[in-house]
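The values are calculated or read from the model by the stated rules, or taken from the named source; none is laboratory data. Quick caveat: nothing in here was measured; it's all calculated off a predicted structure. FYI the Cβ positions are ideal-geometry reconstructions off the backbone, even for glycines, and counts take in every protein chain you see. We work out accessible area using only protein heavy atoms, side chains counted, and drop any ligands, DNA or RNA first. Shrake-Rupley method; radii C 1.70, N 1.55, O 1.52, S 1.80 Å.
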Amino acid sequence: MSYITLPQFKHLFAMFHFSIVSSSKKSFIFVKDVKSLGNNFISNNSKKNIKSLTILSDTFLPDFSDCTQIETLIIPNIKNITKDIVSNSNLKKLDISNAEYIAPGLLSEKSNITELILPFIGTGEKGTASEENGLLGNLFGTASASGMKAVTQNYNNEKSKTYYISPNLTKITITEGCSEISYGALQGISTLKE
């Protein structure tokens with residue numbers, strides 16, 4: 001596997017494109033101090049070939065919507081995880097380990113997901129994930145999609161909701177600081193091994 005680590009520049013410009021990034025690279029790591037990238041820093045051909053993307057910045061999140069082959073996305077320091085951040089259906093591993101907000105339906109139609117690294121189970125603000133927001137299914141959403149597995153999860157001992165989750169999900173890691181997991185949070189997730 002090839003890796004590129006971008007040095008700790010405050011700003012990177014397109015002139016570095018040909019000397020640092022080539023379309024044969026499959027993984028990119030953006031270090032914490034990168035604040036912006038010049039236009040076309042990563043060519044469209046290169047974007048289409050990226051398999052793994054790690055962004056260590058806590059504020060800078062490049063537009064990687066053209067990165068259609070990403071299988072591993074590691075963004076451990078971004079605090080606000082919105083639905084538009086993860087638009088790739090090939091995604092297998094997602095690390096959002098320090099998120100303080102996770103959008104409902106973030107993983108809608110992501111049938112290839114096998115591994116999640118999360119700060120808590122559910123969606124919404126960290127520390128307030130209760131009721132249906134405290135269910136893993138809320139992370140995937142209620143929209144039926146091809147390749148997704150229907151799972152009904154209960155909350156509050158009397159209410160239930162059907163979600164469509166990845167049938168390939170085998171591992172969830174909850175990071176330190178999660179003090180509570182809601183009733184029914186993992187109900188029906190029979191594919192989990194770890």
Is it true that LYS25 is within 19 Å of ILE117 (Cβ to Cβ), modelled with pLDDT under 70 and open to solvent by 40 Å² or more (accessible area, probe 1.4 Å)? no
Count of segment 181-192 residues which are over 19 Å from the mean Cα position of the chain (by Cα), under 18 Å from PHE120 (Cα atoms) and open to solvent by 60 Å² or more (accessible area, probe 1.4 Å): 3
The correct count of residues that are out of contact with any strand residue (DSSP E or B) (no Cβ under 6 Å at 6 or more places or on another chain) and under 16 Å from GLY105 (Cβ atoms) in segment 129-141 is 6
If ILE117 satisfies every condition in (1) assigned to a strand (DSSP E or B); (2) under 27 Å from ASN49 (Cβ atoms); (3) open to solvent by less than 10 Å² (accessible area, probe 1.4 Å) but one, which is the exception? (3)
Is it the case that LEU139 is among the aliphatic types (A, V, I, L, M) and not in a loop (DSSP other than H, G, I, E, B)? yes
Residues within segment 130-144 that are open to solvent by 20 Å² or more (accessible area, probe 1.4 Å) and either hydrophobic (A, V, I, L, M, F, W, C) or under 23 Å from SER179 (Cβ atoms) (or both), tallied: 5
Quick one: in segment 149-180, which of the residues that are touching a helix residue (DSSP H, G or I) at 6+ places or on another chain (Cβ under 9 Å), part of a loop (DSSP other than H, G, I, E, B) and farther than 19 Å from ASP95 by Cβ is most open to solvent (accessible area, probe 1.4 Å)? GLU180
Are any residues in segment 66-99 open to solvent by less than 60 Å² (accessible area, probe 1.4 Å) and over 11 Å from the mean Cα position of the chain (by Cα), and if so, which ones? CYS67, ASN77, ASN90
Only one of ILE78, ILE113, ILE102 is modelled with pLDDT of 85 or more, within 17 Å of CYS178 (Cβ to Cβ) and β-branched (Val, Ile, Thr), namely ILE102
Answer residue from segment 77-128, given it is out of contact with any strand residue (DSSP E or B) (no Cβ under 8 Å at 6 or more places or on another chain) and small (Gly, Ala, Ser) and is farthest from LEU56 (Cα to Cα) among those: SER111
Residue hits (segment 100-114; of a type in the set (D, E, K, R), open to solvent by 20 Å² or more (accessible area, probe 1.4 Å) and farther than 17 Å from ILE55 by Cβ) are GLU109
